[in-house]
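Engineer: One structure follows; several queries about it will come next.
The values are calculated or read from the model by the stated rules, or taken from the named source; none is laboratory data. Because the structure is a prediction, the values reported are computed rather than measured. Backbone-built Cβ (ideal geometry, glycine too); neighbour counts: all protein chains shown.
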Ligand code: ADP
Ligand code: FDM
């Protein structure tokens, strides 16, 4: 190894856009090409904080809106040291949702501005690439019904999509919008191409801080 670090690659998008499918395929493809790669997802429901978030999403407990926003952020911060360590060891991380989901979902609630929502995540490891899987609500509906979790409602998800669109205007983040209405394999090829470029670009640069 020549001290090349791994890249932090995030997949974002509305429910059923294909994030989980594409994260899995991307990790497999990178490994097949001899690159070290691992998958992560947020919320990470396995930690103590993640278990509380999971109960909230399953509607088994209620939490005040600011409180749950800070828990989602804390769930990222508790994993930030591991993220940095893996990247420095040369492992690329493919992550299903990150701070952008955090901001988009909370700011879709009444009374929450984008800036307040971004604040707790300022300084997290900055992604080298954020792939936004764009899919219309109608196309998403064709892929199956919503489950029973909190936030799985068409009207709320439309507002979430608007918030994502506001976040994508920020040129300090390397956003790539992917048309997710195509076949799994077509999407995969495009995602792999962007990811390879990001991995090469990140290799010799230090990990930066998000929104700082
Ligand atoms: P997300 O993680 O964004 O919610 P998933 O990867 O779980 O999305 O995919 C949601 C559903 O849509 C699954 O049933 C999956 O098999 C299907 N799916 C994923 N990608 C595509 C695609 N490109 N075209 C059609 N169906 C897809
Ligand atoms: N979500 C996810 C948030 O509200 N804030 C966050 O910071 C993150 C990472 O939790 F509805 C929402 C988005 C989605 C739910 O669902 C997580 P999945 O199925 O585990 O992605």
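Engineer: Can you spot a residue in segment 149-170 that is surrounded by 12 or more Cβ atoms within 10 Å (Cβ to Cβ) and assigned to a strand (DSSP E or B)?
Structural biologist: Within segment 149-170 (the criterion being surrounded by 12 or more Cβ atoms within 10 Å (Cβ to Cβ) and assigned to a strand (DSSP E or B)), the answer is no, since none of the residues qualifies.
Engineer: Mind listing whichever residues of segment 96-119 are in contact with a strand residue (DSSP E or B) (Cβ under 7 Å, 6 or more places away or on another chain) and under 15 Å from residue 160 (Cβ atoms)?
Structural biologist: Here is the first cut: in segment 96-119, the ones in contact with a strand residue (DSSP E or B) (Cβ under 7 Å, 6 or more places away or on another chain) are 96-98, 100-101.
The answer is 97, 98, 100, 101.
Engineer: Of the residues that make up segment 112-124, is at least one farther than 30 Å from residue 198 by Cα and touching a helix residue (DSSP H, G or I) at 6+ places or on another chain (Cβ under 8 Å)?
Structural biologist: Within segment 112-124, one or more residues are farther than 30 Å from residue 198 by Cα and touching a helix residue (DSSP H, G or I) at 6+ places or on another chain (Cβ under 8 Å).
Engineer: Restrict the check to segment 91-101 and report whether at least one residue is within 15 Å of the chain's Cα centre (by Cα), assigned to a loop (DSSP other than H, G, I, E, B) and closer than 30 Å to residue 204 by Cβ.
Structural biologist: yes
Engineer: Okay, next question. Are there any pairs with C-beta distances below 6 angstrom linking a residue in segment 138-154 that is at pLDDT 90 or above to a residue that is surrounded by fewer than 12 Cβ atoms within 10 Å (Cβ to Cβ), with the two at least 6 apart or on different chains, and if so which?
Structural biologist: Pairs found: 150/59.
Engineer: With the condition kept exactly as written, say whether any residue in segment 116-136 is surrounded by fewer than 16 Cβ atoms within 10 Å (Cβ to Cβ), modelled with pLDDT under 95 and more than 16 Å from ligand 2 (Cβ to nearest atom).
Structural biologist: Within segment 116-136, one or more residues are surrounded by fewer than 16 Cβ atoms within 10 Å (Cβ to Cβ), modelled with pLDDT under 95 and more than 16 Å from ligand 2 (Cβ to nearest atom).
Engineer: Right, next: For residues in segment 22-44 being in a helix (DSSP H, G or I) and surrounded by fewer than 15 Cβ atoms within 10 Å (Cβ to Cβ), which is nearest to ligand 2 (Cβ to nearest atom)?
Structural biologist: 24
Engineer: On the basis of being part of a helix (DSSP H, G or I), away from ligand 1 (no atom under 16 Å from the Cβ) and loosely packed, with under 14 Cβ neighbours inside 10 Å, does residue 67 make the cut?
Structural biologist: Judged against the criteria, residue 67 is a match.
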